[in-house]
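*Asks:* Got a structure for you, written out below as structure tokens; questions coming shortly.
The values are calculated or read from the model by the stated rules, or taken from the named source; none is laboratory data. Small disclaimer: the values here were computed from a predicted structure and weren't measured. All Cβ positions, glycine included, derive from the backbone under ideal geometry; neighbour counts span all protein chains shown.
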Amino acid sequence: MPNLSFSDRIIRWYRANKRDLPWRQTHEPYRIWISEIILQQTRVDQGMDYYHRLLEAFPTVTDLANADLDQVLKLWQGLGYYSRARNLHATAQWIAGPLKGKFPSNYKDLLALKGVGPYTAAAIASFCFNEPVAVVDGNVERVLARYFGVEEPVDASATKKLLQQLAQEHIAAPRPAEHNQAIMEFGALQCTPKNPSCANCPLQASCFALRLGKVSDLPFKAKRTQVKAVAIDYFVLTDGRELLLRKRVDQGIWNNLHDFLSIEGEAPLTDSAVQREAKKFGEWRASTETVVHLLSHRKLSIRFHVVQVKRWEERPNGVLVKIRNRHELAVPKPIHDFLMEVGGPLWSGVRKKN
DNA sequence: AACGCGGGGCT
DNA sequence: AGCCCAGCGTT
């Protein structure tokens with residue numbers, strides 16, 4: 001097929017290979033917005049259930065605006081990057097309130113929303129309003145860097161600017177929405193990070209990286225994130241009937257989610273330090289083995305120490321939760337695992353000793 | 001410009 | 001173990 005443009009080939013490939021995704025069945029800005037926030041740094045497979053549950057709970061932007069933040073966070077639990085949920089809620093209140101329910105309808109106005117950056121603004125503007133502004137996400141970066149031979153580090157701001165211009169130059173003027181969908185889908189399914197399908201690629205005849213044998217070298221990233229080790233010792237206070245949890249505020253990770261009283265540092269507490277801390281609250285009953293929880297930038301080594309308290313009168317600040325209601329608060333993944341699986345046998349021991 | 005922010009899947 | 005994912009906000 002000679003004389004087909006880059007965009008022509010991508011769109012032709014897209015029509016033959018696209019996935020059937022729920023947010024492709026609508027042009028409603030609210031639904032597209034929800035889907036795009038969920039999909040920030042998140043795979044389609046991981047976000048799918050969250051998309052359905054959020055829209056079921058909040059069918060309109062007004063429903064979302066009227067919800068409690070804790071309810072939104074509970075629905076977001078397990079998805080990560082929890083500031084997305086906070087910004088989602090704040091933006092819903094902004095749209096339902098001052099904007100009187102009218103969703104911003106162009107790139108510039110969308111960009112002003114909390115949690116909406118250049119990628120998301122371009123996505124909503126093109127998908128919902130057919131505005132010809134190019135999306136540049138990780139997929140697009142990869143396709144452009146390989147096909148056009150962008151060898152500078154893609155995580156440098158000058159390169160990002162170049163890629164945005166390159167993407168904008170090649171967007172198909174008549175069909176910006178479909179072009180944007182197509183190039184992202186192409187990156188996700190065909191021009192993949194590892195083992196891309198170059199053998200049957202519709203762009204193989206003119207791909208820079210394929211011609212020069214640099215497919216596995218592009219895109220090039222200069223920085224790699226440092227993973228810092230952190231030890232967390234949790235003290236799980238319980239009388240056998242209730243548990244003391246605490247909301248994380250200004251704590252960096254897991255902001256606005258609930259966990260237990262903790263001591264966080266470079267190394268885990270010594271056994272004697274655990275005993276000493278436990279004594280401040282009650283009687284030490286049990287400790288778990290260390291579980292390792294990996295974040296992009298942290299390696300968390302976590303232990304839980306169950307402490308029996310006689311009475312709650314002089315407890316530290318926190319939220320008392322009945323054990324049977326322990327699923328109701330939004331908690332980080334390792335806390336969820338402890339609450340719903342690991343902890344049961346430990347605090348049931350406390351109950352017997354009461 | 002550099003860093004912080006989750007969790008999961010793939011190699 | 002390292003990389004990446006429909007990135008954004010803060011400093």
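*Asks:* Go through region A:193-216 and report how many residues are touching a residue at least 24 places away in the same chain (Cβ under 8 Å) and either basic (Lys, Arg) or out of contact with any helix residue (DSSP H, G or I) (no Cβ under 7 Å at 6 or more places or on another chain) (or both).
*Replies:* 3
*Asks:* Within region A:10-31, can one find any residue that is modelled with pLDDT of 95 or more, touching a His at 6+ places or on another chain (Cβ under 9 Å), closer than 20 Å to A:Ala188 by Cα and of a type in the set (A, V, I, L, M, F, W, C)?
*Replies:* yes
*Asks:* Shifting gears a bit: Determine whether A:Asp45 is of a type in the set (Asp, Glu) and either within 14 Å of the chain's Cα centre (by Cα) or not in a helix (DSSP H, G or I) (or both).
*Replies:* Taking the combined requirement at face value, the residue satisfies it.
*Asks:* Now, a different point. Cβ-Cβ below 6 Å, separation at least six or inter-chain, first residue in region A:32-54 and over 16 Å from A:Met184 (Cβ atoms), second within 8 Å of DNA strand B (Cβ to nearest atom) and of a type outside the set (Ser, Thr, Tyr): which pairs?
*Replies:* A:Tyr50/A:Leu79
*Asks:* Can you name every residue in region A:214-231 that is β-branched (Val, Ile, Thr) and over 23 Å from the mean Cα position of the chain (by Cα)?
*Replies:* Answer for region A:214-231, where residues must be β-branched (Val, Ile, Thr) and over 23 Å from the mean Cα position of the chain (by Cα): just A:Val215.
*Asks:* Then there is this: With respect to A:Val72, determine if the residue is crowded, with 18+ Cβ neighbours inside 10 Å, β-branched (Val, Ile, Thr) and over 18 Å from A:Trp23 (Cβ atoms).
*Replies:* In short, yes.
*Asks:* Take the residues in region A:19-66 that are aliphatic (A, V, I, L, M) and surrounded by fewer than 16 Cβ atoms within 10 Å (Cβ to Cβ); name whichever of them is farthest from DNA strand C (Cβ to nearest atom).
*Replies:* Result: A:Ala57.
*Asks:* Condition test on A:Val143, is it within 12 Å of DNA strand C (Cβ to nearest atom) and over 25 Å from A:Pro29 (Cα atoms)?
*Replies:* Yes; evaluated as a whole, the condition is true for this residue.
*Asks:* How about region A:231-259: which of its residues are within 19 Å of A:Leu294 (Cα to Cα), touching a Ser or Thr at 6+ places or on another chain (Cβ under 8 Å) and either surrounded by 17 or more Cβ atoms within 10 Å (Cβ to Cβ) or modelled with pLDDT under 95 (or both)?
*Replies:* Passing the criteria: A:Ala231, A:Ile232, A:Asp233, A:Tyr234.
*Asks:* Something else: Out of the residues in region A:274-298 meeting the condition of being part of a helix (DSSP H, G or I) and touching a residue at least 40 places away in the same chain (Cβ under 8 Å), tell me which one is surrounded by the fewest Cβ atoms within 10 Å (Cβ to Cβ).
*Replies:* Among residues in region A:274-298 that are part of a helix (DSSP H, G or I) and touching a residue at least 40 places away in the same chain (Cβ under 8 Å), the one surrounded by the fewest Cβ atoms within 10 Å (Cβ to Cβ) is A:Glu277.
*Asks:* Checking the structure you have, find out if any residue of region A:208-216 is at pLDDT 95 or above, within 15 Å of DNA strand B (Cβ to nearest atom) and out of contact with any Phe, Trp or Tyr (no Cβ under 6 Å at 6 or more places or on another chain).
*Replies:* yes
*Asks:* Suppose we filter A:Ala167, A:Ala205, A:Ala172 for residues that are surrounded by fewer than 12 Cβ atoms within 10 Å (Cβ to Cβ) and more than 16 Å from DNA strand B (Cβ to nearest atom); which single one remains?
*Replies:* Exactly one residue qualifies, and that residue is A:Ala205.
*Asks:* Okay, next question. What single numbered condition from (1) in a helix (DSSP H, G or I); (2) within 16 Å of DNA strand B (Cβ to nearest atom); (3) in contact (Cβ under 8 Å) with a residue 60 or more places away in the chain fails to hold for A:Phe127?
*Replies:* Here A:Phe127 clears every test but (2).
*Asks:* While we're on this one: Restricting to region A:319-354, what's the tally of residues that are at pLDDT below 95 and surrounded by 15 or more Cβ atoms within 10 Å (Cβ to Cβ)?
*Replies:* The total comes to 4.
*Asks:* Going by the structure shown, is A:Glu152 within 19 Å of A:Ala209 (Cβ to Cβ), buried (at least 20 other Cβ atoms within 10 Å of the Cβ) and acidic (Asp, Glu)?
*Replies:* no
*Asks:* Further question: Please state which of the following conditions A:Lys100 fails to meet, knowing it meets all the rest: (1) more than 26 Å from A:Asn256 (Cβ to Cβ); (2) touching a residue at least 12 places away in the same chain (Cβ under 8 Å); (3) in a loop (DSSP other than H, G, I, E, B).
*Replies:* Here A:Lys100 clears every test but (2).
*Asks:* So, of the residues in region A:306-341 that are in a loop (DSSP other than H, G, I, E, B) and basic (Lys, Arg), which turns out to be nearest to DNA strand B (Cβ to nearest atom)?
*Replies:* A:Arg326
*Asks:* Would you confirm whether or not region A:103-117 contains a residue that is more than 16 Å from DNA strand B (Cβ to nearest atom), touching a Ser or Thr at 6+ places or on another chain (Cβ under 9 Å) and aromatic (Phe, Trp, Tyr)?
*Replies:* yes
*Asks:* Looking at (1) of a type in the set (Gly, Ala, Ser); (2) more than 30 Å from A:Cys191 (Cβ to Cβ); (3) modelled with pLDDT under 95, find the lone condition where A:Ala67 falls short.
*Replies:* Looking at each condition in turn, A:Ala67 falls short on (3).
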